[in-house]
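The values are calculated or read from the model by the stated rules, or taken from the named source; none is laboratory data. As the structure is a computational prediction, the values presented were derived from the model and not from experiment. In this analysis, Cβ positions are derived from the backbone assuming ideal geometry, glycine residues included, and neighbour counts consider all displayed protein chains. For the accessible areas, the whole protein counts, side chains as well, though only heavy atoms, and no ligand, DNA or RNA atoms are used. Shrake-Rupley method; radii C 1.70, N 1.55, O 1.52, S 1.80 Å.
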Amino acid sequence: MVGITRQRLNSTSPSPRYYTFWSINGPLQRDRLRRQLADFKAAGLHGVVFHPRYYCGIPPYLSDEYLEHVTDTIRHARELGLRFWLYDENGWPSGTGDGKVLAKYPDSGAVRLDLSRKRTPESIGKFHTDAANRLVPAGTPGAQTWYLTPRKLNYVDSLNPAVLDHFLELIHERYREGLPQDCFDYIEAVFFDEPESGMIKDPFADVAGVPWSPLMPARLQALWGDAWREKLPLLFAAGDGAAEARIAFWENVTDSLIAGFFAPYQAWCEKHGKQFIGHVKGEEHPLFQLPMVGSCHRIFRHLSMPGIDALERYPSLDYFPRQAGSFARQFGAGRAMVECFGGAGWGASPEDLERYLLWLGRNGITDFVFHLSQYRLDTPAITDWPPSEPLHLSWKDAFPAVLDRVSRELTTNPPPVADTLVVAPYRGLMSVYEPWELMQTNMHNASTSPDTPATRANNAFLASLEKLKAAGTAFDLTDERTLETDGTRLPDGRIRLGQAEYKHLVVDPAAILRGEWSTAKTSAFILSASTTSAARHDPQKNQHAETKISLKWTFPAAPENAWLLSVTRTAKCTFTATIASGGLPAGLTLHFADDLVEASFDSAPGGRALPLTVGYDGIFATLPALNAGEHTLQFKTAREVPGSPFVWLKGAFTLRSHAPFTSGPNRTIRTDGPFVADSSSLDANAEFVAGGLPFAHTPIAAETTMTLSAPATALVFSDTMGDALEITIDDQPPAWIWGPDWKLSLTAPLAAGAHRLRVRLVPSTYNHFGPHHYYNGDWHVVSPDQVVGRKNFADAPDAPDHTHVPQWHFKPLRLPTAVASV
């Protein structure tokens, strides 16, 4: 039974919907939960995914008190009109049940069939290979002997439906039975996250492995008969019949995952009136899908809407959003989900988000789940795949305007209806793929992989899609099996797949089709630019007059400043920091991201304990007046904090570096420091980071007067540096603009003459949180490793092993120097 509702699509694309991955990482508090729901509603979101993530267990996960909080949260979401999706774990990936499955059912563990150089009691066979990785007889000179050995993994068996039943029993049945009926009924969807075949669960394969399970021998017996053991070496090395054996095995992996995880999970959701939504691990392209799940097109058949995971900041391959969008058009109601923008870094701007969402939307994505919004922004949360969106962005007030502009663009200019169907070469890749390749592949997005026949075929296929895109061809995607099981040739030569129809067929040269489709050929048609695509409006393009009016700004009040202090650990939970002062008044505030036991200032004779106040996002303390010189802060956290705790000095002061600022990588400026704070004035018409606001987080208010020589329908602001600019002209309602165009379209023409201009300039969130010492400045993808300087998959291949440098990096900040009227 196919999980996606089959219905013919309307001529228009479904309207975009926006959700947040709500990271529940602190003690549950009714008022805090309700406040954040209201904030999400104000931010323009349509719903939330309630996502226990590093949940602290206060109250215990799935306890009666926990479910009471969830009950109140669901009811408040309903009052606000927010959709409510329920994440299926405390953490990820799906299936472990917060460790409860293995604790209660220890035989539920995952297994992988690995190659080992030594026989163990568990080994189920052996084979021999030569230097070219071809199967050879025993005793061949120079041959290497390999043993096929099942290996236990730190995961649950995703190929076994009994294990999935345990998971449903311990998690979902607990929610179903423990929540009031009205609250359980209001849960629209269950969200699953990153299940896969077990190929990349630790301990990782020393050389190579394939998915396995105690159920696998019976499945292979049904597939190959008594010869199944003799077939296994063909998965790892070249030999007669290897291509067919590999295709059969990897398609069996897909079927086993469906039978073991997706089909029973889907059935439970349908039985209880829930949509089944989420994404697997490794969707980026066919070569990465192969070891993870075989083929996403087959998995999508058992979801309420196809879903993918698209993290980082910049658009990448079109393949995986286009595949999800294609399946939604072929077999669904046109809706496709993405978990998006996680790891984009604190430097992500409105410009970045708009570009990213438009890329996904133009490939057919309709439901955007932002990864993620932290319930509590302590130090671990600050460093957990940032940013925390929308609540902790410096430009959170502009967030609704970004979503509104994206929605209007995607609604006004939806993706064109595809007239071309492209058959991806899943079987072709399976026929030549060897499992050792995975251990030399980028485990995050498979952006790098070894030079093998499978990689070359995959790259050639992706390059062919880029050619179609460049030619303006509107195309959808499928795999070989789905075309064979659901494709129909119509009398007029068109092809129907599900509810979609196509005029043209493109069969990748590496694809392997069977049965009546075995003779299918690529349609002979001339690639030509699509009128719809060529005519699409790009809201970021701008034409305007070049008559500019110079702007001179003043501050109505001193800007709020912040200084992220350099912290040194002196014991497990004890830290010190130094504040260099040029003379500061009393009343400045220390903001600690983490819970504290105590804090003191200037612990030498005459020092004092600091009274601590619990705030919404951290602990606060007020400082006395600071004379010129260095002052010492000591504090003790309530629990161990990984890395360096985040502590800021906040208030009206100026912070200057002893060293000059110079140009840095990725549109940053950098300095060696150190910093000193004083009460000197700030120049409103200079660059603000070097001028004294390097770590500022709150918008900077300024005002001026401009005189128009003629009426204007739009204004374009020049040389603006920052993330967003809120503009108020005279007494009109304020409006938000951002890069790259910095254009304000006016709802009514602005008359010639003098006008009062008030603005709020938003600094980059990167300046407040960093990572400031990352060698490449504001990097486009930030995992927890970029924060501590440990090289990982998200770094450039030529990055140093330790990616931190002594210099501080910041994104520049400056008010516009001129405005042009249009």
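Listed values, structure above:
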| quantity | calculated |
| --- | --- |
| Radius 12 Å from Cβ of Lys126, net charge of other residues (Lys, Arg +1; Asp, Glu -1) | +3 |
| Computed log₁₀ I(q)/I(0) - Debye formula, equal Cα scatterers, no solvent, the chain, q 0.08 Å⁻¹ | -0.78 |
| Cα-based Kirkwood hydrodynamic radius, region 194-288, one decimal, Å | 15.2 |
| Calculated log₁₀ intensity ratio I(q)/I(0) where the Debye formula runs over C-alpha points of region 339-383, q = 0.33 Å⁻¹ | -1.26 |
| Region 662-735 and region 299-353: distance between their alpha carbon centers, rounded to Å | 34 |
| Qualifying lysines (Cα of each under 24 Å from Cα of Lys791; at least 8 residues distant if same chain) | Lys201, Lys281, Lys811 |
| Listed residues His444, Leu220, Asn767: farthest to the positive end of the dipole of the chain (Cβ charges) | Leu220 |
| Cα principal axis extents for region 590-708, largest first, Å | 57, 32, 30 |
| Debye, to nearest 20: dipole size of region 318-404, +1 on Lys, Arg Cβ, -1 on Asp, Glu Cβ | 360 |
| Debye log10 I(q)/I(0) at q = 0.15 Å⁻¹ for region 356-404, Cα point scatterers | -0.48 |
| Whole-percent pair-distance distribution, where bins are 10 Å wide, for the alpha carbons of region 123-242 | 11, 30, 27, 15, 10, 5, 2, 0 |
| Farthest positive-ward along region 226-380 dipole, Cα basis, beta-carbon charges - from Thr366, His279, Gly342 | Thr366 |
| Gained length - Ser600 relative to Ala524, 0.36 nm times residue gap less alpha-carbon distance | 19.6 nm |
| Degrees, to the nearest 10: 399-412 long Cα axis against longest axis of the chain | 50 |
| Cα convex hull of region 39-155, projected area averaged across orientations, nm² | 12.6 |
| Accessible carbon and sulfur surface of region 596-668 relative to its total accessible area, %, 1.4 Å | 53 |
| Electrostatic dipole magnitude of the chain [Cβ: Lys, Arg +1; Asp, Glu -1; Cα centre; debye, to 20] | 740 |
| R0 of 45 Å, Cβ-Cβ distance His802-Cys56: FRET efficiency to nearest 0.05 | 0.90 |
| Cα centre as origin, Lys/Arg/Asp/Glu Cβ charges: region 682-810 dipole, Debye | 200 |
| Percent accessible area from carbon and sulfur atoms, region 361-429, protein chains only, probe 1.4 Å | 52 |
| Model label zone, Lys503; criterion: amide N under 11 Å from point 7 Å along Cα-to-beta-carbon; scope region 474-490 | 474 |
| Partners for Lys126 among lysines (Cα-Cα distance below 23 Å; same-chain residues under 8 apart left out) | Lys118, Lys152, Lys231 |
| Quarter of the Cα convex hull surface for region 647-771, i.e. its orientation-mean projected area (nm²) | 9.0 |
| Computed FRET value (nearest 0.05) for Asp185 with Arg514, which takes r as the C-beta separation and R₀ as 51 Å | 0.70 |
| Nearby aspartates and glutamates by direct alpha-carbon distance to Lys271 (threshold 17 angstrom, same-chain neighbours under 8 apart not counted) | Asp88, Asp165, Glu169, Glu173, Glu177, Asp182, Asp185, Glu188 |
| Cut-off 14 Å between beta-carbons: net charge of the residues surrounding Asp492, Lys and Arg +1, Asp and Glu -1 | +2 |
| Net charge of neighbours whose Cβ lies under 15 Å from the Cβ of Phe635, counting Lys and Arg as +1 and Asp and Glu as -1 | -1 |
| Residues of the chain: accessible area per residue with a 1.4 Å probe, Å² | 38 |
| Percentage of interatomic Cα-Cα distances in region 176-221 larger than 13 Å | 73 |
| Distribution of pairwise C-alpha distances over region 144-215, 5 Å bins, in % | 3, 12, 19, 17, 14, 11, 8, 7, 4, 2, 1, 1, 0 |
